[in-house]
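What follows is one structure encoded as structure tokens, with my remarks underneath.
The values are calculated or read from the model by the stated rules, or taken from the named source; none is laboratory data. Nothing here was measured: the structure is a model prediction, and the numbers come from that model. Neighbour counts are summed over all protein chains in view; Cβ atoms, including those assigned to glycine, are modelled from backbone coordinates with ideal geometry.
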Amino acid sequence: MQWSALAATIALGIAATTVVALPTLLVGGLAIVIQADLAFGETELGIAIATSFAAAALAAAPAGRLAEHFGPRTTTWLGLACAATSMLGIGLLADSWILLVAFLAVAGIGITTVQLGVNVLMARGVPARRQGLAFGTKQAAVPLASLLAGLALPFIGLTLGWQAAFVIGAMLVPFVAWRMPDAPPAPRRAGPSGEGDAPRGALILLAVGVALASAGGNSTPAFIIPSLVDRAFEPGHAGLVLAWGSVVGIVVRVLVGWVSDRLGHGSLLIVMALIGTGIVGFGGLAMTDHPVMIVIFTALAFGGGWGWGGLIPLAVARTNPEAPGRAMGIVQVGPMSGAVVGPVVFGTLAEQVTFGAAWSAMAVLAGLGIVTILLSRRRLLHARRPAERPGHAA
């Protein structure tokens, strides 16, 4: 693949993933003004965010099969249509918490559908030696969307109103959809179907580990602003801290993808190291009120606790060369389930106990995630066939 075509594929993957993540992340970034207008608390905010990802988790396996059968472009178009519907619905119609939750559920279906469509595009359309950079750069779209959400508070939410941010987001969808590329069909392989792919049990165990580890990462962009406002930060300053953390997350995702390409294996080892860094960030946010330390621990929480997302589809693509879409559909349930558990646990603890208790809980769940991912990696390595190439190691 020529560099121009590769760059275009990655750029459009970033654009689609950014746009589809906007509805849920805008709710987190604009939470303080949305909550004031619609009159709900932190628990309801957690439930609203969790509903989006619950819908995403339920749609993950069907979306994976859809991507395998119809191809990445059609799958991505469907997800982008869900994102546009969600943002227009929230911006124009959501005058209650119930309607907000309903449109966030539609957004969740869009998130997982686009994620899987773009992942299959990367797995089929990008050379193996460049897939780490491709997946890492594509996953940088999520903190990019979080960055936009953080900037939306001071520049749109506090000036034009929070509804305007969602309408503007919906207007971006057509510009992304009409340029989306497709990928060649999966090559026919000799031997029984599925030969050379990872066992389903190992993939399910990996999904569980990712669910535990992603609880904190998915809660961070949703609750960092309310957490800082609770500690006497000005809302505009808190939005800038969210933007700062998102920039760190972008850089880390691209960097670790590049490193994984250089190594050719061991992507899950990098994942576990990053989760450990995120635990330090969550623990620091639980304990400190010092503005400088909060900025530092925010970087660790975003960079470590949320910076490893691109390495999971990379590991799945490497260990499932025949049907990456179906395998990713199984594992994709993990981050989406973590995004359900995390915000509900975080929001409940923040409202009923303290924000410090909520950050501490995220650190504990991340620690359990490391253990489970380690067990999954051992099963993946044990199941590898002798003829498998070294680059397929997880």
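Laid out as a table, the results:
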{"item": "Candidate set from the range 67-79 (those that are hydrophobic (A, V, I, L, M, F, W, C) and free of Cβ contacts under 8 Å to residues at least 60 places away in the same chain); member that is farthest from V19 (Cα to Cα)", "result": "F70"}
{"item": "So R129, is it of a type outside the set (F, W, Y), surrounded by 19 or more Cβ atoms within 10 Å (Cβ to Cβ) and at pLDDT below 90", "result": "no"}
{"item": "Test: M180 is modelled with pLDDT of 85 or more, under 30 Å from R262 (Cβ atoms), part of a loop (DSSP other than H, G, I, E, B) and out of contact with any strand residue (DSSP E or B) (no Cβ under 6 Å at 6 or more places or on another chain)", "result": "yes"}
{"item": "Scan of the range 221-251 for residues that are of a type in the set (V, I, T) and under 30 Å from E351 (Cβ atoms), ordered by number", "result": "I224, I225, V229, V241, V247, V248"}
{"item": "A363 vs. criteria modelled with pLDDT under 85 and out of contact with any Leu (no Cβ under 8 Å at 6 or more places or on another chain)", "result": "no"}
{"item": "Selection status of A63, aliphatic (A, V, I, L, M), touching a Cys at 6+ places or on another chain (Cβ under 8 Å) and touching a residue at least 40 places away in the same chain (Cβ under 8 Å)", "result": "no"}
{"item": "Complete set of residues in the range 344-359 that are among the small types (G, A, S) and within 15 Å of G217 (Cβ to Cβ)", "result": "A358"}
{"item": "Residue under evaluation A213, criteria (1) within 16 Å of the chain's Cα centre (by Cα); (2) under 20 Å from G356 (Cβ atoms); (3) among the hydrophobic types (A, V, I, L, M, F, W, C); (4) at pLDDT 85 or above, criterion not met", "result": "(2)"}
{"item": "Count - residues of the range 279-309 that are buried (at least 19 other Cβ atoms within 10 Å of the Cβ), in a helix (DSSP H, G or I) and of a type outside the set (V, I, T)", "result": "12"}
{"item": "Complete set of residues in the range 157-175 that are modelled with pLDDT under 90 and surrounded by 24 or more Cβ atoms within 10 Å (Cβ to Cβ)", "result": "G157"}
{"item": "Where a residue in the range 321-344 is within 13 Å of G309 (Cα to Cα) and at pLDDT below 90 and its partner, wherever it lies, is assigned to a helix (DSSP H, G or I) and of a type in the set (F, W, Y), with Cβ under 7 Å and at least six apart", "result": "M336/F53; A339/F53"}
